[in-house]
1. Within region 1-21, take every residue that is exposed (fewer than 13 other Cβ atoms within 10 Å of the Cβ) and part of a strand (DSSP E or B) and give me the one that is farthest from the chain's Cα centre (by Cα).
2. Give the residue that is farthest from the chain's Cα centre (by Cα), with candidates limited to residues of region 22-33 that are within 21 Å of residue 77 (Cβ to Cβ) and not in a strand (DSSP E or B).
3. Go through region 22-41 and report how many residues are over 16 Å from residue 58 (Cβ atoms) and surrounded by fewer than 13 Cβ atoms within 10 Å (Cβ to Cβ).
4. State all residues of region 43-58 that are surrounded by 12 or more Cβ atoms within 10 Å (Cβ to Cβ) and part of a loop (DSSP other than H, G, I, E, B); if no residue qualifies, say none.
5. Could you please give the count of residues in region 54-86 that are within 15 Å of the ligand (Cβ to nearest atom) and out of contact with any strand residue (DSSP E or B) (no Cβ under 9 Å at 6 or more places or on another chain)?
Ligand SMILES: [Zn+2]
């Protein structure tokens with residue numbers, strides 16, 4: 001995916017891998033399962049990367065509006081995104 005178009009209209013490049021716009025979102029339970037499965041028993045980073053990619057959602061942040069586009073489709077399927085926009089400065093939240 002060399003270019004990404006945000007819902008705000010901004011188009012930006014994702015050619016550089018890794019880049020500053022893409023992240024991964026993984027549930028703690030999945031992270032712990034993979035850590036327990038591979039730590040100390042697997043040196044093949046490709047195997048670990050594949051396992052993480054199967055359960056982690058790709059998250060792309062627009063550098064202009066800071067919206068987060070969370071890819072909710074399975075690997076290999078057409079990408080489908082849920083988009084989250086930043087709230088105004090939050091006040092009154094607990095520390
Ligand atoms: Zn945007």
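Only the coordinates and a few stated rules stand behind these numbers; no lab work does. Values in this document were obtained by computation on a predicted structure and should not be read as measured data. Using ideal geometry, Cβ is built from the backbone for each residue, glycine included, and neighbour counts are taken over all protein chains shown.
1. Out of the qualifying residues, it is 11.
2. Among them, the one singled out is 30.
3. Filtering region 22-41 for residues over 16 Å from residue 58 (Cβ atoms) gives 28-29, 32-41.
Then drop every residue that is not surrounded by fewer than 13 Cβ atoms within 10 Å (Cβ to Cβ), which leaves 28-29, 32, 35-37, 39-41.
Selection size over region 22-41: 9.
4. Residue satisfying the conditions is 56 alone.
5. Of the residues in region 54-86, the ones within 15 Å of the ligand (Cβ to nearest atom) are 59-70, 81-86.
Next cut, out of contact with any strand residue (DSSP E or B) (no Cβ under 9 Å at 6 or more places or on another chain) only: 65-66.
So the answer is 2.
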